[in-house]
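> Before I ask anything, let me first share the structure, which is written out below as structure tokens.
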Ligand SMILES: [Zn+2]
């Protein structure tokens, strides 16, 4: 803290006689010494209030220690009103207001993180204190970004940023700068978590926060391209129906949009298009095409993931694997054998 002074010009008084010229009239001035931080004109709080008289005849100054206590009190009362003193706390007031906003921001971010944690979505970004998740890190390897790339049932698949950062703030800047859009920003390998895994990571403070793009935008960066812009230059029917399906899927403002999407994926799949089959399987898995309370049809989902797997389609193979492992009657070994028999190279990963 540094200190400065401001002067308050009060009324005139005739209660004191000038020692030098004998005149009776004096101007009554108040001096407030105040503490400030960085900006000298923004007072944080007053430190000392003094009274000073100035002779109107000869400009002689009379300091407070030459005045009687009752007079000092009287002058102070008229000079230092509540309002005048209150303005000397303006810096403190501003600081508290800023802390308040900052705290409200942090609180909102925390509340959002709790919400996103229990209902994950593809393209959610996890800010991780990776020291709590891995051993054998180098001293400056501390923070890592993860992105949700797939959700199948209660299995959440994420990919990690290739880099592990020394400061948490670098996670935010990697998004803001658009680095995350680079092809190799995230490693290809997927890691699967259950909701309970994620919750305990949050409890352990390994998940610092979760950010979700709104309409594909996060920190002013377009995270994924809207479906309608994919493959627009192709006129093939398989891709075309698939694209229309993806567009319907996103158009949640339309009535029965999931049903319309489903029908398009079905057409795309019938035209032997891998992504159409894959999306059709996802539709069966979500059950949303049957309306709000639609039930998943896991059997049909498995069937279409398998059909897409033969193309081959890596995402479909991964989804089939995740789903199959949770179903007793599903034989994953048989699935892999069928893929091998069809000439699919299982080293796709
Ligand atoms: Zn005088």
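The values are calculated or read from the model by the stated rules, or taken from the named source; none is laboratory data. The structure presented is a predicted model; accordingly, all values stated were derived computationally and were not measured. Cβ: placed from backbone, ideal geometry, glycine included. Neighbour counts: every protein chain shown.
> Regarding the stretch 220-232, can at least one residue be identified that is assigned by TED's automatic domain parsing to the domain that holds residue 298 and either more than 22 Å from residue 181 (Cα to Cα) or modelled with pLDDT of 85 or more (or both)?
Taking every residue of the stretch 220-232 in turn, none turns out to be assigned by TED's automatic domain parsing to the domain that holds residue 298 and either more than 22 Å from residue 181 (Cα to Cα) or modelled with pLDDT of 85 or more (or both).
> Do we find a residue being without any contact (Cβ under 8 Å) to a residue 60 or more places away in the chain, within 24 Å of residue 248 (Cβ to Cβ) and surrounded by fewer than 17 Cβ atoms within 10 Å (Cβ to Cβ) anywhere in the stretch 308-317?
Within the stretch 308-317, none of the residues are without any contact (Cβ under 8 Å) to a residue 60 or more places away in the chain, within 24 Å of residue 248 (Cβ to Cβ) and surrounded by fewer than 17 Cβ atoms within 10 Å (Cβ to Cβ).
> Turning to a different aspect of this structure: Return the only residue of 82, 93 being surrounded by 11 or more Cβ atoms within 10 Å (Cβ to Cβ) and more than 16 Å from the ligand (Cβ to nearest atom).
The match here is 93.
> Follow-up question, since we're still on this one. In the stretch 42-60, how many are more than 9 Å from the ligand (Cβ to nearest atom), more than 16 Å from residue 86 (Cβ to Cβ) and surrounded by fewer than 16 Cβ atoms within 10 Å (Cβ to Cβ)?
Final tally of qualifying residues: 1.
> Sticking with this one: Of the residues 23, 40, 35, only one is at pLDDT 90 or above and not in a strand (DSSP E or B); which?
Result: 23 is the single residue among 23, 40, 35 that is at pLDDT 90 or above and not in a strand (DSSP E or B).
Here's the yes/no breakdown for (1) touching a strand residue (DSSP E or B) at 6+ places or on another chain (Cβ under 8 Å); (2) assigned to a helix (DSSP H, G or I); (3) in the same structural domain as residue 156 (by TED's automatic domain parsing):
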site	(1), (2), (3)
278	no, yes, no
292	no, no, no
299	no, yes, no
306	no, yes, no
318	yes, yes, no
323	yes, yes, no
327	no, no, no
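> Moving on. Run down 74, 63 and say which single residue is surrounded by fewer than 17 Cβ atoms within 10 Å (Cβ to Cβ), within 30 Å of residue 20 (Cα to Cα) and either within 16 Å of the ligand (Cβ to nearest atom) or within 39 Å of the chain's Cα centre (by Cα) (or both).
Of 74, 63, the one residue that is surrounded by fewer than 17 Cβ atoms within 10 Å (Cβ to Cβ), within 30 Å of residue 20 (Cα to Cα) and either within 16 Å of the ligand (Cβ to nearest atom) or within 39 Å of the chain's Cα centre (by Cα) (or both) is 63.
> For the stretch 162-190, enumerate the residues that are in contact (Cβ under 8 Å) with a residue 12 or more places away in the chain and either at positive phi or exposed (fewer than 14 other Cβ atoms within 10 Å of the Cβ) (or both).
Passing the criteria: 162, 166, 167, 176, 178, 181, 184, 187, 188, 189.
> Based on what the data block shows, is residue 117 within 16 Å of the chain's Cα centre (by Cα), outside any strand (DSSP E or B) and more than 16 Å from the ligand (Cβ to nearest atom)?
So residue 117 fits the description; yes.
Conditions tested, residue by residue: (1) away from the ligand (no atom under 13 Å from the Cβ); (2) loosely packed, with under 15 Cβ neighbours inside 10 Å; (3) over 23 Å from residue 86 (Cβ atoms).
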| site | (1), (2), (3) |
| --- | --- |
| 16 | no, no, yes |
| 21 | no, yes, yes |
| 35 | yes, no, no |
| 70 | yes, yes, yes |
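> Determine whether the stretch 99-122 contains at least one residue that is at pLDDT below 95 and at positive phi.
No, the conditions are met nowhere in the stretch 99-122.
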